[in-house]
Amino acid sequence: MEKQSWMELLPIDRYKVSAKGLLHNYDRKVLTMLYQPLIGSRAFSLYMTLWGELEQDRVFGKENTHHSLMVTMQMQLPEIYEERVKLEAIGLLKVYIKKEKDIRMFIYELQPPLSPKQFFDDIVLSIFLYNRLSRTKYNQVKQYFLEEEFDFASYENVTRSFNDVFGSFNPGQLEHAQEDLRIPKTTTMPSNEKGDAPKVWNDFFDFSLFVDGLSALVPKKAITDPVRECVITLSYVYDVDVLSMQNIVLGAVTEMQTIDIERLRKGARDWYQFENGQALPVLSERVQPHSARMMKEKEPSTQEEMLIKQLEEISPKQLLKEISGGAEATKADLQIVEDVMINQKLTPGVVNVLIYYVMLRSDMKLAKTYVEKIAGHWARKKVGTVAEAMALAKEENRQYQEWAETKKKGRTSKKTVRKEMVPDWLKEEPKEQAKEIAKKDVSSEKGASTLEDERKRLEEVLKKYKRD
């Protein structure tokens, strides 16, 4: 995966920082208290470093190289790249690229954070923060930004209008000033801009089926772009199926034949709590959506198909529990899973393949950095099914083996290298070739055997879960 990062970004690549409007000190407070728990301290540090490259009251910085950014942050380029991806996913950064011969030029446009009201009104971000912090801490943070609303009811508005105070212009003044009043088209003027909430990429909700099945009581013209976006987001957060969403929308139609977004959100929340009790949704407890299952109406005929079916029918949280022999997954592991599901919009089945693959490659540990690297790559490839994830994992494994073999040949010493055991579905080389490699790695038999045992145990765990 490190190879993928270096393909995306090189130290000699140049960049320039810009900002969508002026950034203010209050934005720092919002970033620190609301965004940092979601993106982590390193992504937060990257945002602040890029912000620091802007001159005061300006929205463009000077041209720089990524090597200088590596020196400033004391981070390797693949690490900077992964933190950059988090900023993109959370809505804090837009990236533009221009290629000229062998040089690439990036524009990193910093996006202002949402206002606290926008943040807590956003379903994805508020639930993500709630799941990240404890309930007590979440309420403390929310309370910090709350302020008692002032009651103006007993006051009369006596504010003067502009023309009450200032005289009007005569035609001559207006004619001479017209040219000077215009802002040249090739220039811009800094202003205060609103931030944008992260977008949910829809590959899980059949919107056409949803619209076709709406009651005659819901006019098609009521399905505006904001309503469409809200429906998709609610479906993602609360795991609402098409039929249930149609009923929820029906309850949000107003007397004016429009759809009230707030009523729509409340309806989805009430539906979820009725179905699941009072708890807020936990993404790691979801299973692969039926629309993205390959084996839902097919009996597996091969070992690989059996594995696909098992990974489609188990949640990431349950998979971690089964792997641990029935012990509950740690909070740290669940946070890693929630992160990639929110930030990279990966489906539960794809996350299961990710867990399976990473654990087998990392001595049964869920390494956060490694998970995030692969998750970012799979998200950019728009992987949505278990089969697609397994195919990409095979390709990742093949590239890794080639890289490891090249690196091994380049060594002057004859130090033995530990051979990694991988499940059959990851293997692509002929069996005879695999035997030859195995003979050369006699010294690593014990470690490899241990990992092979873990692989077999993991497969048995999944089979047992399926039987139960």
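Details
- The alpha carbons of the range 33-79 occupy a box of 30, 27, 12 Å along the principal axes, longest dimension given first.
- Compactness of the range 2-114, taken as the C-alpha radius of gyration over 2.2 N^0.38 Å, stands at 1.02.
- Along the range 229-243 the Karplus relation, 6.51 cos²θ - 1.76 cosθ + 1.60 evaluated at θ = phi - 60°, assigns HN-Hα couplings of 4, 5, 4, 5, 5, 4, 4, 5, 5, 9, 6, 8, 7, 4, 4 Hz to successive residues, with x for each Gly and Pro.
- Whole-number percent relative contact order across the range 2-114, with pairs defined as alpha carbons under 8 Å at least 6 apart: 42 percent
- Amide H partners (placed H, <5 Å) of Arg104, local residues excluded: Arg14
- Largest-first principal axis extents of the Cα set of the range 277-407 (Å): 55, 36, 31
- The string of couplings for the range 315-326 from the Karplus curve (6.51, -1.76, 1.60, θ = phi - 60°) is 7, x, 5, 5, 4, 4, 5, 5, 4, 7, x, x Hz, one whole number per residue in order, with x for Gly and Pro.
- Restraint check, Lys20/Lys99; Lys94/Lys365; Lys117/Lys368; Lys16/Lys368; Lys317/Lys373, Cα-Cα greater than 25 Å: Lys94/Lys365; Lys117/Lys368; Lys16/Lys368
Readers should treat all values here as calculations from the given coordinates under stated rules, not as data from a laboratory. In this text, all values refer to a predicted model and were calculated from it rather than measured experimentally.
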